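These notes are about the structure you will find just below.
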Amino acid sequence: HVGSFFLQRKLQADVAAIFQQARGLGVTTSLDTGFDPYGEWDNGIWDVLPWVDTFMPNEVEAAFITGIDDPPKAAQRLAQRAGQVALKLGGKGSVLVGKDGELTVSAFAVDVVDTTCCGDAFNTGFLAAQLAGRSPEECLRWGSAAGAIIAGGSGTSAHRLSMATMGRILGA
């Protein structure tokens, strides 16, 4: 997993080759761009996407990267290059677009305190579920649950993200 692609300017040129090598070794890849503070919204991202199994932008990032303001359409455009796109929609939930179609999951109800790192928490929950062999719908639910847990506290609240808290919010 590479996060904050747009902030890691020295790494950008090598990500496609790193992911291609990972794929050759049977390792899955995932990528989250983060916001581009330079406003360029490219830096080789389109060359990296064919080597990405799960691309994880939020709706704002997807719109800037594709030039498409409609989140599902932006995700569909990105999924033409990446294996699948797990698009984060904040309080509107998330959508997974891939070769098997489109799947949408609603957000969990939470009293939002701070959204700092909610996207990173979503990635963590999604990827943990994926690595555990869970269904695509469960991956979205785990990601959304992790994001909701973080949104309900101040700061990153990463210490609150555990299997026990995930189980409570997921009703497991």
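The values are calculated or read from the model by the stated rules, or taken from the named source; none is laboratory data. Given the structure is predicted, the values throughout are model-derived calculations rather than measurements. When we count neighbours, we look across all protein chains shown, and the Cβ atoms used for this are built from the backbone with ideal geometry, even at glycine. Heads up: the accessible areas ignore ligands, DNA and RNA and are worked out on the full protein's heavy atoms, side chains in. Shrake-Rupley method; radii C 1.70, N 1.55, O 1.52, S 1.80 Å.
Return yes or no: is Gly101 over 16 Å from the mean Cα position of the chain (by Cα), surrounded by fewer than 18 Cβ atoms within 10 Å (Cβ to Cβ) and free of Cβ contacts under 8 Å to residues at least 24 places away in the same chain?
Values: over 16 Å from the mean Cα position of the chain (by Cα): yes; surrounded by fewer than 18 Cβ atoms within 10 Å (Cβ to Cβ): yes; free of Cβ contacts under 8 Å to residues at least 24 places away in the same chain: yes.
Yes: the conditions hold for Gly101.
Matching residues to (1) over 20 Å from Thr115 (Cα atoms); (2) in contact with a strand residue (DSSP E or B) (Cβ under 6 Å, 6 or more places away or on another chain):
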site: Val2; (1), (2): yes, yes
site: Arg23; (1), (2): yes, no
site: Glu61; (1), (2): no, no
site: Leu78; (1), (2): yes, yes
site: Val85; (1), (2): yes, yes
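Restricting to region 104-143, name every residue that is polar (S, T, N, Q) and either open to solvent by 30 Å² or more (accessible area, probe 1.4 Å) or farther than 19 Å from Ala164 by Cα (or both). Across region 104-143, the qualifying residues are Thr104, Ser106, Thr115, Thr116, Thr124, Gln130, Ser135. With respect to the stated conditions, Leu49 fails to be part of a strand (DSSP E or B) and either modelled with pLDDT of 95 or more or surrounded by 15 or more Cβ atoms within 10 Å (Cβ to Cβ) (or both). Screening Leu96 with (1) open to solvent by less than 50 Å² (accessible area, probe 1.4 Å); (2) assigned to a helix (DSSP H, G or I) gives one miss only, at (2).
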